[in-house]
Amino acid sequence: MAKIIAFPSNPRCVHQGGKQAKINTILYAGRLAADAPSGVIHTAQIQPIWKSRTRGIQMSVILPARDRPELLNRCLAALTRQTLSPRQYEIIVVDSVPSRASREVVESYLNPPGNGPCIIYLPAGGQDGAAAARNHGWQLARGALIAFTEEDTIPCADWLAQGMLAFNGIAQAVCGQILTPLPGLPTDHERTVKTLEQAEFASINCFCLRQVLQDMGGFDERFGTAGREDSDLYFRLLQANAVICHAPLAVVEHPVAAAPWGTSLLQQQRMQFDALLYKKHPLLYREKISPAIPWHYHAIVMVLLCLVAALVFHETSAALLALACWILLSASLCLQRLRGTEKTASNVSEILLTSLLLPPLAIFWRLVGALRFRVGFI
């Protein structure tokens, strides 16, 4: 089975309109730098290496990558072992951080020739996030059906076959099942990741008609790396009365990777993009994402401000009262976060310390989002 591996110099894809000539224009662009140093490579230095087949492709898998070759290799291994005929699908790897290591992973699936699906490696060469990567990918795709996943997942062997079965002539988009296996009680980070299992529509396991994506304008790239671009697409599909089906047998496994200390604090920066999601879909945001304003966070921040003011003006009684309120509210938040998680020293200490910083950071980034996108998001 012929495969494609492409290294275009122009990271911006075009709408192909079903014509192979436009794809070839992209694939032929570029110049090879044979002696390029290892690590990140500029896309203008990479020449296409490809073999093409134009008939029979029904589904295109869009796989964003960010210079994580071990995860990319694991995901590609699962995607090339699909029960769906290799003649029926292609894999488009869109690498936002083009590197020699990622290229070599994709190249390894060219040998032996003739045993797998077509593969395209597209070095996007930007830091615009997964939304832009997915848009690059589906615009280059030749399949009428588009499947989305990410490099840190392991699609089950019949993932594509089950996803294709869900398109019965009526469905316009399909969401599959996400599994995040854990051996015991989760840490705080693991519990956050495990909430993906309850997601109604997530970009690590969803399918959409290419024509629908074109009509909807694809993913909103303003969300960057925030991870809300799939919720935005889902809400737009709902507002357009699109037929969205669930395929519980189209399963991808999402192992929880180790995270650095204080990940919950780093993730608060994404809250600014919740403001954009709220601005675009206020009712659906309250219904699907956050039904209530986080008043407990606001209360903690207000008490902290009162404590600082009391200390500045040497109001000892007021300062002691504010301190007591802050301790009680923070302890309540800490106990809430500890509930249902493992009670190891590392997890407990991390939750204790991050609970002190979480409310101020969350409110700060909510205010940043409110100002940036000019919306009353509190």
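Side notes on the structure shown:
- Spatial separation of Cα centroids for the stretch 310-375 and the stretch 247-284, in angstrom: 21
- Order by protection proxy (mean Cβ within 10 Å, highest first), peptides 192-198, 162-168: 162-168, 192-198
- Cα-based reach from K194 at 12 Å (exclusive), listing aspartates and glutamates while leaving out same-chain residues under 8 positions away: E253
- Alpha-carbon Rg with Dmax, taken over the stretch 289-372, Å: 14.7, 43
- With the simple spin-label model, which puts each label point 7 Å out from Cα in the Cβ direction, the A144 to A345 separation comes to 6.2 nm.
- Put simply, the stretch 164-279 fits an ellipsoid with semi-axes of 27, 20, 10 Å; these come from the alpha carbon gyration tensor as the roots of five times its eigenvalues, largest first.
- Relative packing of 341-348, 144-151, which averages over residues the other C-beta atoms within 10 Å, highest first: 144-151, 341-348
- Aspartates and glutamates with Cα under 20 Å of K279, excluding same-chain neighbours fewer than 8 positions away: D220, E221, E229, D230, D232, E287
- Spin-label zone in the stretch 334-363 - amide nitrogen under 20 Å from a point set 7 Å from the Cα of V312 along the C-beta vector: 360-361, 363
Laboratory data are not the source of any read-out in this text; all were calculated from the coordinates shown. The structure displayed is predicted, hence computed values, not measured ones. Virtual Cβ from ideal backbone geometry, glycine too; neighbours counted across all protein chains shown.
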